[in-house]
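The values are calculated or read from the model by the stated rules, or taken from the named source; none is laboratory data. These numbers come from a predicted model, not from an experiment. Note that each Cβ is placed from the backbone with ideal geometry, even for glycine, and that neighbours are counted across all protein chains shown.
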Amino acid sequence: MLNEIQKRILQEVADLANVPESGAVNIRSNGKKAFRRNTDNIIIESKSDKDGIDIHIKPFTKKENVHIPVVVTETDRHDVVYNDFFIGEGAEVKIVAGCGIHNCGDCDSSHDGIHTFHVGRNAKVTYVEKHYGEGEGTGKKILNPQTVLYLEEGASVTLETVQIKGVDDTKRYTKAVLGENAELVVQEKLLTHGEQYAESEMDVFLNGKDARTRVVSRSVAQDKSVQLFYPRVEGNAACFGHVACDAIIMGEAKVRAIPEITCNHVDAGLVHEAAIGKIAGEQILKLMTLGLTAEEAEEKILEGFLR
Amino acid sequence: MLQLKDLTLTVEGENGPHNILNDVSLTVEDKKFIVITGPNGGGKTTLAKVIMGLATPTAGQILWNGEDVTDLDIAQRAKKGISYGFQQPPRFKGMKVRDLLQIAAGRKLNHAEACSYLTKVGLCARDYVDRDVDTSLSGGEVKRIEIATVLAKDADLMIFDEPEAGIDLWSFAKLTETFRELHDRQEKTIIIISHQERIIKLADEIVLIAGGQIQHKGPAGDMYDKIMAQVVAGCNKLV
């Protein structure tokens with residue numbers, strides 16, 4: 001079973017105080033299966049050719065949850081896992097992933113989660129992925145997620161990714177291929193501090209008629225941390241896409257945002273915007289007139305920005 | 001009671017030092033409704049900011065309920081019961097209207113409470129309470145939310161800087177009604193900077209500021225006609 005550190009991390013990355021009482025679950029701890037439960041509609045199987053799992057969600061499964069958190073608590077642990085999701089036609093599910101690393105040692109620990117989603121016709125998926133690091137050791141906590149999504153006609157995916165604390169180094173790559181009338185919403189939230197580095201690269205291909213995407217990336221870069229955003233959207237049919245990168249920069253941090261849109265069809269409508277700046281002084285002054293100190297005001301502003 | 005004593009605010013201009021405020025002294029009795037008016041650039045907003053701590057006077061003293069608050073920062077003054085509605089309030093990405101109202105009230109508000117403040121400023125509350133205070137809102141909407149935060153703060157001294165600016169006629173009627181209620185309840189000290197006749201006429205006293213100085217102060221009934229005569233005459237000083 002899970003120890004206290006593992007339980008705490010589980011709470012951070014999956015909002016689970018313990019193993020959930022219902023729904024499909026697969027908890028991976030230090031490279032091994034720690035717990036698994038299937039349901040009538042959701043079957044999780046270990047891969048036979050490499051490390052990872054296949055998650056099969058039956059067509060028209062409604063309002064079920066899948067929890068697949070990963071916990072790494074050993075220093076010098078380098079975990080690579082391949083998870084493939086097969087979501088049947090018309091299913092409506094919420095998948096909560098996420099990874100937390102507790103590293104008290106001097107060696108780096110890392111987790112590379114490579115997730116591929118095959119989303120069937122008219123299926124609706126919410127995918128939540130939260131990353132978290134902790135531990136006093138000098139070893140880095142490194143997370144490199146890759147998320148690849150194939151959306152069939154009418155499928156809809158909302159991808160919520162959150163990295164708020166403790167991850168020293170991350171390179172995220174997301175790729176999505178959308179069929180006719182499919183929809184992808186990406187909500188990325190990121191906070192880096194100290195000397196952390198975060199990179200987020202994304203390719204969205206709007207291949208089907210009336211496919212649409214909305215990518216919203218919000219980040220806060222504090223201290224001497226560095227962030228790089230490179231979202232690319234390609235419209236290959238009559239489609240719509242909107243990419244927005246918003247960053248608050250503080251201290252000696254550096255942020256680079258390079259949204260790129262490519263239209264290969266006359267009826268493709270794509271928009272991008274990027275804004276990087278410090279917290280507006282007027283915002284702090286306003287909250288101070290309501291009784292907050294400057295520090296409390298800053299905290300509230302960041303909390304809202306990254307909500 | 002608010003007492004402003006010999007307030008001066010000097011800035012360096014192209015032609016040397018320039019007084020934005022010049023030796024301003026004013027006493028506002030508790031639970032009075034004061035309107036400060038006057039020509040653009042006369043020092044009204046600066047005076048309001050100095051009272052809230054948003055601007056620092058070069059000389060002079062501010063007493064609030066007998067306590068010298070001149071050296072207190074904005075948050076400290078807010079905690080002592082002074083509040084301020086910005087003429088051009090900022091927007092907050094990701095912060096909801098309800099969040100701002102709760103920060104102002106200093107506690108969690110239930111749905112009905114949050115909505116009641118928005119209704120007072122002419123907003124259909126359920127449409128706004130869970131919206132972000134960002135660029136999806138018009139300037140007039142943000143302005144009314146700003147006024148709602150001051151109402152939610154419920155401070156003993158409420159300062160509003162041109163609350164009518166950017167607000168449509170229909171919402172302005174509701175806003176005037178809210179200010180009238182504040183006036184009639186006589187529970188708070190209200191200072192409003194305004195050029196609007198309907199707000200000016202609510203005042204117990206009108207203060208005319210021009211050229212960084214108080215030109216005149218008096219009961220609304222006497223003052224309003226004098227101000228109008230002065231506007232027609234095109235001069236800053238009352239005759």
Quick check on my filter: what residues within the stretch A:70-101 are outside any strand (DSSP E or B) and either buried (at least 22 other Cβ atoms within 10 Å of the Cβ) or under 21 Å from the mean Cα position of the chain (by Cα) (or both)?
A:Thr73, A:Ala91, A:Ala97, A:Gly98
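Of the residues in the stretch B:76-85, how many are assigned to a helix (DSSP H, G or I), buried (at least 18 other Cβ atoms within 10 Å of the Cβ) and more than 8 Å from chain A (Cβ to nearest Cβ)?
Taking the stretch B:76-85 first, the residues assigned to a helix (DSSP H, G or I) are B:76-79.
Still in the list and also buried (at least 18 other Cβ atoms within 10 Å of the Cβ): B:77-78.
So of that shortlist, the ones also more than 8 Å from chain A (Cβ to nearest Cβ) come out as B:77.
Total satisfying the criteria: 1.
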Of the listed residues (A:Glu199, A:Glu188), the one being crowded, with 22+ Cβ neighbours inside 10 Å, of a type in the set (Asp, Glu) and not in a loop (DSSP other than H, G, I, E, B) is A:Glu188
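Does B:Leu47 satisfy the criteria of being away from chain A (no Cβ under 14 Å) and either within 17 Å of A:Lys286 (Cα to Cα) or not in a strand (DSSP E or B) (or both)?
Details: away from chain A (no Cβ under 14 Å): yes; either within 17 Å of A:Lys286 (Cα to Cα) or not in a strand (DSSP E or B) (or both): yes.
The answer is yes for B:Leu47.
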Looking at the stretch B:61-75, is at least one residue in a helix (DSSP H, G or I), touching a residue at least 12 places away in the same chain (Cβ under 8 Å), buried (at least 17 other Cβ atoms within 10 Å of the Cβ) and within 13 Å of chain A (Cβ to nearest Cβ)?
yes
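What do you reckon, is A:Thr126 among the polar types (S, T, N, Q) and outside any loop (DSSP other than H, G, I, E, B)? Give the steps one after another, and end with the answer.
Numbers: among the polar types (S, T, N, Q): yes; outside any loop (DSSP other than H, G, I, E, B): yes.
Answer is yes for this residue.
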Apart from one, (1) surrounded by 18 or more Cβ atoms within 10 Å (Cβ to Cβ); (2) assigned to a strand (DSSP E or B); (3) within 14 Å of another protein chain (Cβ to nearest Cβ); (4) not polar (S, T, N, Q) all hold for A:Val216; the odd one out is (1)
So, in the stretch B:86-104, exactly how many residues are under 18 Å from the mean Cα position of the chain (by Cα) and surrounded by fewer than 21 Cβ atoms within 10 Å (Cβ to Cβ)?
3
Output the residues belonging to the stretch A:12-21 that are exposed (fewer than 15 other Cβ atoms within 10 Å of the Cβ) and touching a residue at least 12 places away in the same chain (Cβ under 8 Å).
A:Asp15, A:Asn18
Name the residue that is nearest to the other protein chains (Cβ to nearest Cβ), counting only residues in the stretch B:86-110 that are in contact with a Leu (Cβ under 9 Å, 6 or more places away or on another chain) and either farther than 20 Å from B:Asp132 by Cβ or in a loop (DSSP other than H, G, I, E, B) (or both).
B:Pro90
Only residues that are among the aliphatic types (A, V, I, L, M), part of a helix (DSSP H, G or I) and at the interface with chain B (Cβ under 8 Å from one of its Cβ atoms): list them for the stretch A:277-296, please.
A:Leu285, A:Leu287, A:Met288, A:Ala294
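Give the stretch A:125-143 a look and list any residue that's buried (at least 17 other Cβ atoms within 10 Å of the Cβ) and out of contact with any helix residue (DSSP H, G or I) (no Cβ under 8 Å at 6 or more places or on another chain), or say none. Reasoning before the result, please.
Step one: of the stretch A:125-143, the residues buried (at least 17 other Cβ atoms within 10 Å of the Cβ) are A:125, A:127-135, A:139-143.
Hits for the stretch A:125-143 are A:Val125, A:Tyr127, A:Val128, A:Glu129, A:Gly133, A:Gly135, A:Gly139, A:Lys140, A:Lys141, A:Ile142, A:Leu143.
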Considering each of A:Ala247, A:Ala297, A:Ala275, A:Ala253 in turn, give the residue that is touching an Asp or Glu at 6+ places or on another chain (Cβ under 7 Å) and at pLDDT 95 or above.
A:Ala253
Of all residues being at pLDDT 95 or above and assigned to a helix (DSSP H, G or I) in the stretch B:152-181, which is surrounded by the most Cβ atoms within 10 Å (Cβ to Cβ)? Just the residue, please.
B:Ala152
Can you tell me which of A:His272, A:His242 is in contact (Cβ under 8 Å) with a residue 24 or more places away in the chain, within 14 Å of chain B (Cβ to nearest Cβ) and within 18 Å of A:Leu206 (Cβ to Cβ)?
A:His242
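Here are some residues: A:Ile9, A:Ile44, A:Ile5. Which one is under 14 Å from A:Gly98 (Cα atoms), out of contact with any helix residue (DSSP H, G or I) (no Cβ under 6 Å at 6 or more places or on another chain) and of a type in the set (A, V, I, L, M, F, W, C)?
Details: A:Ile44 fails: under 14 Å from A:Gly98 (Cα atoms); A:Ile5 fails: under 14 Å from A:Gly98 (Cα atoms).
The unique qualifying residue is A:Ile9.
Kindly indicate whether any position in the stretch B:118-141 is within 30 Å of A:Glu273 (Cβ to Cβ), assigned to a strand (DSSP E or B) and not charged (D, E, K, R). Show your work before the answer.
Step one: filter the stretch B:118-141 for residues within 30 Å of A:Glu273 (Cβ to Cβ), giving B:118, B:123-124, B:126-141.
Adding the requirement that they be assigned to a strand (DSSP E or B) leaves B:132-133.
When the remaining residues are screened for being not charged (D, E, K, R), the result is B:133.
Yes - at least one qualifying residue is present in the stretch B:118-141.
Based on this model, can you work out whether A:Asp54 counts as among the charged types (D, E, K, R) and either over 26 Å from A:Thr138 (Cα atoms) or out of contact with any strand residue (DSSP E or B) (no Cβ under 6 Å at 6 or more places or on another chain) (or both)?
Values: among the charged types (D, E, K, R): yes; either over 26 Å from A:Thr138 (Cα atoms) or out of contact with any strand residue (DSSP E or B) (no Cβ under 6 Å at 6 or more places or on another chain) (or both): yes.
Considered against the rule, which asks whether it is among the charged types (D, E, K, R) and either over 26 Å from A:Thr138 (Cα atoms) or out of contact with any strand residue (DSSP E or B) (no Cβ under 6 Å at 6 or more places or on another chain) (or both), A:Asp54 comes out as yes.
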Considering residues of the stretch A:251-268 that are in contact with a His (Cβ under 9 Å, 6 or more places away or on another chain) and assigned to a strand (DSSP E or B) only, the residue nearest to the other protein chains (Cβ to nearest Cβ)
A:Ile261
